[in-house]
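Worksheet: the structure to be examined is printed underneath.
The values are calculated or read from the model by the stated rules, or taken from the named source; none is laboratory data. For clarity, every value in this text was computed on a predicted model and none was experimentally measured. Note that each Cβ is placed from the backbone with ideal geometry, even for glycine, and that neighbours are counted across all protein chains shown.
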Amino acid sequence: MTGSFSALGFELRRVTDLERCERQARLGQVHEGYRRAEVGGGVELWARLDEQGRTQELSPHYHGEARLALHLEALGHYGSSRVLRARLPQTPWMLPFALLGGVGGPLPRSADAGLCAFTRRARLDSRGHPYALPLHDPERSAFPAPEVLLRAPLRSVRRAINPETQRPFWHLSLSLPGGAIDAVASLRQLKREPLEGDVIEGLFWMSGRVLP
């Protein structure tokens, strides 16, 4: 999870860095078992709460304009994360993601989602057709991890700033069948400046919301 924070311009080098993020999250509004704090510029912090309202897990998120139509299959757990198993329509691609908030009732069969892909490692100038392949070892977990090997073209590129830390990061929009997803990467994760039309390939941690 530390890698997700750094991809969004947070640096968790000391305990006090995490404590600062937790204090920021406590300023947010409660939303279906989570407290959501808008840091600014699309950067968010989500704190999953227990029954007493205490923070169980803290997650960064980027709330952009990208939207993706998905078929929703099941909601389960991978470690401490609530994971929604989903598929891209008219493809065999599974796209599991760590769910932030709820789904507003029973799990619908399909919905639009706002997803963010946090770069673990990636390269530009890849060649070949787009794909999405989740990392899933059935012997370790019955439910897939919200980590996906992904290749996709860049629809847009923006050098953004985390308002809390003033650290820059890349905000990318990735084209996929059925729409697009947001992606973020620290400047040091990519060997050069990404450009619109580039193809990115790598390993990403996925998180997102089901949209009304």
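Considering each of 117, 113, 142, 122 in turn, give the residue that is buried (at least 19 other Cβ atoms within 10 Å of the Cβ), assigned by TED's automatic domain parsing to the domain that holds residue 200, farther than 17 Å from residue 42 by Cα and out of contact with any helix residue (DSSP H, G or I) (no Cβ under 6 Å at 6 or more places or on another chain). Testing whether each residue is buried (at least 19 other Cβ atoms within 10 Å of the Cβ), assigned by TED's automatic domain parsing to the domain that holds residue 200, farther than 17 Å from residue 42 by Cα and out of contact with any helix residue (DSSP H, G or I) (no Cβ under 6 Å at 6 or more places or on another chain) leaves just 122. For residues that are at pLDDT below 95 and crowded, with 17+ Cβ neighbours inside 10 Å, scanning just the stretch 163-174, find the one that is nearest to residue 46 (Cα to Cα). If we take residues in the stretch 163-174 being at pLDDT below 95 and crowded, with 17+ Cβ neighbours inside 10 Å, then 164 is nearest to residue 46 (Cα to Cα).
Does residue 33 fit the bill of being surrounded by 11 or more Cβ atoms within 10 Å (Cβ to Cβ) and either within 17 Å of the chain's Cα centre (by Cα) or assigned by TED's automatic domain parsing to the domain that holds residue 103 (or both)? So residue 33 fails the test.
Applying the criterion of being in contact with a Ser or Thr (Cβ under 7 Å, 6 or more places away or on another chain) and not in a strand (DSSP E or B) to the residues of the stretch 66-100, the residue that is nearest to residue 208 (Cα to Cα) is 100. Six or more apart or on different chains, Cβ atoms under 6 Å: show the pairs whose first residue is in the stretch 3-21 and surrounded by 21 or more Cβ atoms within 10 Å (Cβ to Cβ) and whose second is at pLDDT below 80. Pairs that qualify, where the first residue is surrounded by 21 or more Cβ atoms within 10 Å (Cβ to Cβ) and the partner is at pLDDT below 80, are 5/12. Of all positions in the stretch 197-209, none carries a residue that is among the acidic types (Asp, Glu), surrounded by fewer than 14 Cβ atoms within 10 Å (Cβ to Cβ) and not in a strand (DSSP E or B). Criterion applied to 71, 61 was being under 23 Å from residue 178 (Cβ atoms), over 17 Å from the mean Cα position of the chain (by Cα) and surrounded by 16 or more Cβ atoms within 10 Å (Cβ to Cβ), and the one residue passing it is 71.
Here the condition is being in contact (Cβ under 8 Å) with a residue 60 or more places away in the chain and over 28 Å from residue 197 (Cβ atoms); of 105, 114, 76, it holds for 76 alone. Cβ-Cβ distances below 7 Å connect the following pairs, each with a first residue in the stretch 121-144 that is farther than 17 Å from residue 95 by Cα, a second residue that is of a type in the set (Lys, Arg) and outside any loop (DSSP other than H, G, I, E, B), and a separation of six or more residues or different chains: 126/151; 128/151.
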